[in-house]
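Okay, so here's the structure we're looking at.
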Amino acid sequence: MARITEQPKKSFLTGNETVAWACLAADAEIMFGYPITPQNEVMHYWTRLAPKYDRSFLQTEDELSAGFTTCGAVQAGKKAFTATAGPGNVLMQEPFGMAEAMRLPTVAVIQQRGGPSSGTVVYSQQEVTLTTFGGNGEGHRIVYSTATHQEIYDYTIKAFNTAWKYRFPVFVLGDGYQAKMREPLELYNPEDRGIEMVKPYPLIGLGGEIGVDREPSHLCNIYSLEEELYEVVMKVSAEYESISPEIEEYEEKNCEDADIIILTHGIVSRAADDAVKALRTQGIKAGYFRPITLRPYPAKQLREAIQKSGAKKLLIAESAYGQFERLTKQEIYGETIQVEHLYMPGVGIIDHDIITKVKSIL
Amino acid sequence: MAKLTIENTARVVEAYIGEYASGKSEMAINRALELNKQGRRVTLVDLDTVEPFYTLRPIKKILEEQGLNVISFSHEDAFGLGETGAMLNPRARWALRHEGDVILDIGYGVYGAATLNLVEGIDECPELKVLAVINQSRPMTNSHERTKEYILSLGRVDGLVANTHLGNETVTEVVLQGLNITKEVGEELNLPIVYMAVDEDLWEEMNQISVSVPVKYIKKYMPGAMW
């Protein structure tokens, strides 16, 4: 295992570079990728680091191929990842669907950009629906939504372990701002933090006699009979639901006595955190809740926060036109709290935007 | 084509190169404003060929209001173009024809000094100083060996700017440790530290400490550029 730093050291990085260093620290062996803004520097930095640390990189002809080659590499027992954004994320949904069907431990970093369509490279949070439920399946995948560069580092490392432990495709959901922004963070070797990296293992070409030495390794994404598909999807769904409580993560502050809970994810949570602090100093009882995993969604914890606070209103703020709100509403169906929203698709949200909105609805 | 000759040897021409996110734009802006405050005519050139519509565009107007001539795509120029590939702003090509000082921000950092070839007359410009900006907190330049290897990859370099910081978490120890390593590398490569850049917020603490290189206190403009 390569040590990337002798001692934990604060460094000044962009989010994309942070991804490359985290993949290195997590012992990723190969990246497959196709250039797309705003994730390009993930590739740039990985290709600068790879030769020095004996890692590999393949630039494929498009994102479909980058996704499928990632699927192939993990079957061969290689810790592999890809990174993309926007229309690249759209193309990769087919391979990601295959990863869901075949239970492949792929890791993909998504740096969200604006949409719809191809040429908009700027920041947004408009790839929530696509990243959580974009495949032609049931969304059997794990999505971490990061807010800081430290989290990008921590959760990218974690993504590999979650993928190889549970064998579901894992996503780290960033955005154009997180990709390009620079801020300090601590780079560390996972083992120095007591983080044991799950060792990759081949899923095909296994030794021994099937039925005698081992169970058959069924890696299948084609089911010709309806009943067969039904059986598989029901089995995988049950398994996904059973492991979800172990995977769900969230952050909650000041919800105990809140009159209004501000619900955000990703980078917008930083604005919500500041807004809650400012509102509290002005005597407004605001609370903060942020799902870190968007799939599986920490719905139980959000319901509990709503109930214990007795809050009358839930303000959902996002740099999209309701994608996060839709996801949340389906997860907390039945709660009677009034849901308000601040949609700013493609535009960054700062504390002032949230404070103004809160004051207008209280 | 008529050969460009520059009579006014007093003019300042500086090109800021270095690692992506090392502080090139911040150094270039602060240097341009510093010269401008001395009553000099200054042209600041955004020479980012990789992301030409992003670097200085969001703060172009703010800089122009302070008296700089800024060669960069404006919001109106960039509208609808997005990431339309590598593009050279025609005004950047002829930047040296402007009267007065010219400060070139060689953005993105992938080609080092090679990008300067795009500027007409650059080889005949006796005042040109190519300055490499070094932040020891950047992982690719965070040790003596890595910094040396990096500087040697840049092509022409006439001097170094020591710009070690950790954004909002910068403390004087970080700045001084970075300076020491940058200086050692500079001595080895026979490159002077032209100046050390320090966030103006650290003025009070830094002012107590004597260092062997010129210190410039800088104001941060790039957080306003967002991208």
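Values in this text are rule-based calculations from the coordinates and carry no lab data. Quick caveat: nothing in here was measured; it's all calculated off a predicted structure. Here the Cβ is made from the backbone with ideal geometry for all residues, glycine too, and neighbour counts use every protein chain on show.
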* If you place +1 on the Cβ of every Lys and Arg and -1 on the Cβ of every Asp and Glu, how big does the dipole about the Cα centre of the range A:274-362 come out, in debye to the nearest 20? -> 280
* Asked: Quick one: helix A:40-49 against the long Cα principal axis of chain A, what's the angle to the nearest 10°, folded into 0 to 90?
  -> 50
* To do: Restrict the search to the range A:251-340; then list the GluC sites (Glu not before Pro) that DSSP places in a loop and that have at most 14 other Cβ atoms within 10 Å of their Cβ.
  => A:GLU256
* Specify the inter-centroid distance of the range A:94-130 and the range A:7-47, based on alpha-carbon positions, in whole Å. => 17
* What FRET efficiency, computed as 1/(1 + (r/R0)^6) with R0 = 35 Å and r the Cβ-Cβ distance, is obtained for A:LEU206 and A:ARG48, rounded to the nearest 0.05? -> 0.50
* Just list whichever of A:LYS52/A:LYS165; A:LYS10/A:LYS52; A:LYS158/A:LYS253; A:LYS52/B:LYS129; A:LYS78/A:LYS235 have alpha carbons separated by over 30 Å in the model shown. => A:LYS52/B:LYS129
* **Cα-centre dipole for the range A:192-310 with unit charges at Cβ (Lys and Arg positive, Asp and Glu negative), debye to 20** => 800
* To do: Could you tell me which of A:ALA85, A:ALA25, A:PHE57 has its Cα farthest along the dipole of the range A:17-114 towards the positive end, charges placed at Cβ (Lys, Arg +1; Asp, Glu -1), taken about the Cα centre?
  => A:ALA25
* Structure fact -> When the charge dipole of the range A:142-184 is computed with +1 at the Cβ of Lys and Arg and -1 at the Cβ of Asp and Glu, the Cα pointing farthest to the positive end, of A:GLN178, A:ALA163, A:TYR153, is that of A:ALA163
* Mind checking the dipole of the protein assembly as shown: about its Cα centre, +1 per Lys or Arg Cβ, -1 per Asp or Glu Cβ, Debye to the nearest 20? -> 860
* Under a 5 Å amide H to amide H cut-off, with H placed in plane at 1.01 Å, what residues pair with B:VAL102 once short-range neighbours are removed? -> B:VAL12, B:VAL13, B:GLU14, B:THR43
* **Order of B:TYR217, B:TYR20 under a 10 Å beta carbon neighbour criterion, fewest first** => B:TYR217, B:TYR20
* What's the center-to-center distance, using Cα atoms, between the range A:190-257 and the range B:26-74 in Å? -> 53
* Lys/Arg Cβ at +1, Asp/Glu Cβ at -1, dipole of the protein assembly as shown taken about the Cα centre: which of B:VAL42, A:ILE204, A:GLN126 is farthest positive-ward? -> B:VAL42
* Structure fact -> Longest principal axis of chain B (C-alpha) makes with the long axis of helix B:172-189 (C-alpha) an angle, in degrees to the nearest 10, of 70
* Structure fact -> Of A:106-112, A:212-218, ordering from highest average Cβ density within 10 Å down gives A:106-112, A:212-218
* Within a Gaussian network of chain A (alpha carbon springs, distance under 10 Å), most fluctuating of A:GLY208, A:GLY72, A:GLY97 -> A:GLY208
* Structure fact -> Quick calc: nm separation of the 7 Å Cα→Cβ label points for B:LEU152 and B:VAL110 -> 2.4
* Going by C-beta contacts inside 10 Å, put A:ILE337, A:ILE142 in order with the fewest on the left. => A:ILE337, A:ILE142
* Order of A:ARG290, A:ARG167 from fewest to most other C-beta atoms within 10 Å? -> A:ARG167, A:ARG290
* Would you calculate a helix-derived [θ] at 222 nm for chain A, using -39,500 (n - 2.57) for each DSSP H run of n ≥ 4 and dividing by the full residue count, to the nearest 500? => -12500 deg cm²/dmol
* To do: Work out the FRET efficiency for B:LYS129 and A:THR60 from their Cβ-Cβ distance, taking R0 = 35 Å, and round it to the nearest 0.05.
  => 0.25
